[in-house]
């Protein structure tokens, strides 16, 4: 049995790590930290996690004794603590944005703060694309929730140089905004509403661009919307075929996705005409991808659904942990979506 | 006091006509028809409309005695009854798709049926664009719900030849699917989900294209999504500036919208940075338009919110009726959105 | 045209007063106050209320110049300002709990604060019961939202001495918790949940008891639940027949309700077997009452639906204002529920 | 590895059996039947269950070859097929109401049909109360969803003869109404509503009465409400202390619950002042019980939360299967609630 510690376990992603690791065959959580909850049993914060014996502790990162540490800390905080954990020889999966960028200048622009740890580089923790890099890493930068859904829905199009422009129109559940209440997450402001936000300037755009931009000169745009949903990100990816590829067929596009993702345990390609649903992946680490349609303006429509807290955060973090520890990649993550 | 009759008053749009006309200062509903509900008081179907004395009757369209008739009938049904009403000299506002197309061949393609009334032409009932035409008409074709939100959000961009491609990504409430239950509208299939549908082939695309395509060679795409919302259509319009207009500023775009819509009673332009919300227009005939942002890929993001049953259907129908009858255009439609 | 001022117009009840008074034929809002929003136009806070010219002002209560003042202020705050308004001769409708109790000791117990204005007495603003008292009053204490639904659903049973015990089990929408975000109203804590709270000690119990207890020795209990609803209170009233009335029939009970409420404009009694729905009263001042069933344990089940912000707050406040000003009681309040 | 077959696997309870058994360490589903879906892979009906190789078959019950059979069939249908399965020596967990009643006359009254299998008796499948009986049974009658939440919330009060009357006021999620769409489950009729139904005559009342009535002369009433929730039943149990027990304290009541349920894996008693939430048990087999308050009318308020499809149906069915097969009772059921 390997051991894991969680720094910042009081939020939703911390709760999800605890929930899923409670059923992991090879890893158990031995330490959880929180300054303000020091001494409190976990169920006071996560009422679904009872009788575990786990208690929040106010411990220094370097004092943790575990095979792997999850830093479920806000951006800016992670880069302050990750270096000292890595120095102890412990592997880290970081859930913040701090180590996702190949070029820290991009980070500094979009996150509007200095990056204080330019020494350590994170492997971009999207195993379906970077599995081999992750295997060799000590530090994994777990991707953002929107980027996970957006990149996976569009990657084969870009990898094959088919499109010149992609518009990512994403609809997210409210748990993505975290556990702290605000006017944005006030029930009467969300229920019966669909709220676009940061319509041309959301941070995750830069992360999506980093991953989809690289192959070719593709213009990537992104607009997120808050919807009356607890969990899940539904992504509609509108991509415009390059002039020279206007004759590609939906079947040919499907074939490219099958080639890319056919062996991936967590990615399921929908049947022809089948729409992916958030309910099918709710609470699970699966990604459902569908669409495969082309309209007469040369627009390819691709769709993806993930659970923002699982494949978009803690589930993917556990997937990365499994890779880091040399465990079967799906261990602890085989539970199906909670439908309905 | 003028009189109105409603054919097909048992559905949501019929209920909304009744709800709003109950407060109209100059028009009252005198007859409502339904074959299957013949003899039943209105509150058995619309429990919020009580003590009106109104009873469904199984009457022929030509037997109705009213200053204006609303045909809240499905497409295909309207073209069977509208001609005989018009022959009696009564004006008609049709809520179906039957008379919305300038070219009936487009209708026949998208609605997959023969058009049996090529003689009568409807004025396209979007008063903010076609007010003068409507004034002179006997028959108004009330626009579709998605097209109303989509066209109004994008019209000034197209009218001014600024953009070459528009992607309309719309999120609708479930009342748009009508009063009849189906698997699509089954609560557990909608709640906590976001369901794209007809992702490259929704009928309303042709209606949007008809209105936005005309000015120039603009490519218009459309994908609708069902969301866990009762009422409302939130439209995100992603438009790509033509090369020669890449230097236009957000302020210049706002000025074009102010010029176009500044005097419109029902259109409200949001302040800078203000996002329109469905809750602000819920139950009302107002349209809230915002966005006015341009990202560094040359994408203009415009947003609109309407209530799909009001400005997207029955409210706009009453607005059209007011114009047809020479009444103040906002009569009976001045109530504000139900926020929260 | 009469004039009204609103103190504390930045919350939901303030917004509702503005929304409904915007369509009032005889009264217009001339002043709205808020300390922190001084100088801001109303639509910055209430985005559905635009182009009114209304601006929040930081004015003293005694400086207001209006025929009636609404104090949409928290309990404790109202009793500080109501006396000075009354002294100017202006009539007041207070939306707080401060003046609802005949015995201020009860107030002091349940609200855990000293009552500093024992001089002024409010008429309990439930017009269906206290209309004549209200007519003569200068100060109306607008009832609480739960009490409005609870009292109206059970009053005829108690008035006729039929029952010995009533259990009020109420389910409320989240707007009742006000406009300020908190963990209680955080979307992920409400959606897909039903949250009982203050299960044996909610303040409104004392208000319900005051009104239902008086007729006889009736034991009244109350438990409220927060539900994933924006607006509305659905009340299920379980009442136990006295031994000597166990042979009463549902029809006889219905007759008592018809006798009590038959002439009331805002109260609608459901048909036999018809369940009242929140959607039927959404946004309106109507009260739908149904149930009229007795099970074999001698339990009478009565049901009521109101909109907590309208009949449960601002609509009833306007109804009271109409009575105070000698205007038709339903003026400005005739709009129907927003169904669906 | 033991094998299980599911008759009627196309509904929600069938889907839940498949979802949870997919992670069961000792049992696998080998056959699923459905007449109308014969030959279809399971994911066409349950899109979250993919790549299992399972295909619906149109098989006779007696042809199934498995260690246990789940009959996820409607009442009336189960009693037609259970006898022939039992005759093959296979154990059965029946999810319908057919075998829940000790007295078939009660069944015949409440289900309004003749009971055609009076020979076979089911053990009432509430393991926390009837574990020893279930161990020896061949046929388990899985309890109804409402009764599970209601009985567990109130059983210790009744067992200890404390109360004379119980009012069960339950709020259920819509998945309890099954997978088939109807007006009752139409999204716009559920969202933003709270709908009581069968307010004095729901079938489950008789099942609750059977279990809670037996100990003493307790009057049990029940009213269910449909709420805008996918999964879950929140039960508020209002119980009235007998005159001779009016001096019991909340702590004493808690002690009785601890004594009854302290060793139960699936039952969690809330801390003092802690409210149970549906989200804490969502998707899991746990029961959260709280309340433990007494008001000054002698009313004890107890609260319980279950997932209606899990502890209220398929999870409990698996729990019963585990007992029947001599497997650890919690096998396959240890996953935690999906919070948020």
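Nothing in this text is a laboratory measurement; each read-out follows from the coordinates by a stated rule. These numbers were taken from a predicted model, which means no experiment stands behind them. Reconstructed Cβ throughout: ideal geometry from the backbone, glycine too, with neighbour counts over all protein chains shown.
Each other copy holds its own label point for residue A:87; taking that point as 7 Å from Cα along Cα to Cβ, the gaps run 6.8, 7.8, 9.3 nm, nearest first.
Computed packing ranks the peptides C:185-198, B:319-332 as C:185-198, B:319-332, most packed first, by mean other Cβ atoms within 10 Å.
Could you give the alpha-carbon Rg of region A:2-121 over 2.2 N^0.38 Å, rounded to two decimals?
Details: Rg = 14.7 Å, N = 120, 2.2 N^0.38 = 13.6 Å.
Normalised Rg, Cα atoms only: 1.09.
Using a 10 Å cut-off around each Cβ of peptide C:167-175, what is the average number of partner chain Cβ atoms that fall inside?
Values: counts 10, 1, 9, 2, 9, 1, 7, 6, 6.
For peptide C:167-175, the averaged partner shielding equals 6.
Roughly how tilted is helix A:204-213, in degrees to the nearest 10 and between 0 and 90, from the longest Cα axis of chain A? The angle comes out near 60 degrees.
Using per-residue counts of other Cβ atoms within 10 Å, averaged over each peptide, order C:84-94, C:43-53 from highest down. Before the final figure, lay out each step's value.
On the way: C:84-94: 19.3, C:43-53: 17.6.
Output ranking for C:84-94, C:43-53: C:84-94, C:43-53.
Rounded, prolate or oblate, given the Cα gyration tensor of region A:114-254, with a/c below 1.5 counting as rounded? It is oblate, given that a/c is not under 1.5 and a/b is not larger than b/c.
I need B:259, D:311, B:219 ordered by Cβ neighbour count within 10 Å, fewest first. Mind showing how you got there, number by number?
Values: B:259 12, D:311 30, B:219 19.
Lowest to highest Cβ neighbour count: B:259, B:219, D:311.
Neighbouring Cβ atoms from other chains, within 10 Å of the Cβ of residues in B:287-296, number 3 on average. Placing a label point 7 Å from Cα along the Cα-to-Cβ axis, residue C:106 is separated from the same position in the other copies by 4.1, 6.7, 6.7 nm, shortest listed first. Given a 10 angstrom Cα cut-off, can you work out which residue in C:157, C:139, C:303 is the most mobile in a GNM of chain C? Sorting by GNM fluctuation, first place goes to C:157.
With each label modelled as a point 7 angstrom along the Cα→C-beta vector, the residue D:63-residue A:201 pair spans 6.7 nm.
Annotation: the residues C:140, C:174, sorted from fewest to most other C-beta atoms within 10 Å of their own C-beta, follow the order C:174, C:140. With the simple model of a label 7 Å out from the Cα in the direction of the Cβ, residue B:87 to residue B:161 spans 4.7 nm. Axis angle, to the nearest 10 degrees, between helix D:145-159 and the longest C-alpha principal axis of chain D: 40 degrees. Once both axes come from the Cα atoms, what is the angle between helix C:315-325 and the longest principal axis of chain C, in degrees from 0 to 90, rounded to 10? Computed tilt is about 70 degrees.
Given a cut-off of under 8 Å on Cα pairs at least six residues apart, what relative contact order in percent is computed for region C:2-121? Mind showing how you got there, number by number?
On the way: 199 pairs, mean separation 27.9, N = 120.
Here the relative contact order equals 23 percent.
Residue order for D:163, C:281, B:218, fewest other beta carbons within 10 angstrom first, comes to B:218, D:163, C:281. In nanometres and ascending order, the distances from the residue D:182 label point to those of the other copies are 2.0, 3.9, 4.4 (point 7 Å from Cα along Cα→Cβ). Counts of other chain beta carbons within 10 angstrom of each beta carbon in peptide B:228-239 average 6. Put the Cα centre of region D:33-86 next to the Cα centre of region A:1-74 and the gap is 41 Å. Based on DSSP H segments of at least four residues, each scored -39500 (n - 2.57), chain D has a per-residue ellipticity at 222 nm of -8000 deg cm²/dmol.
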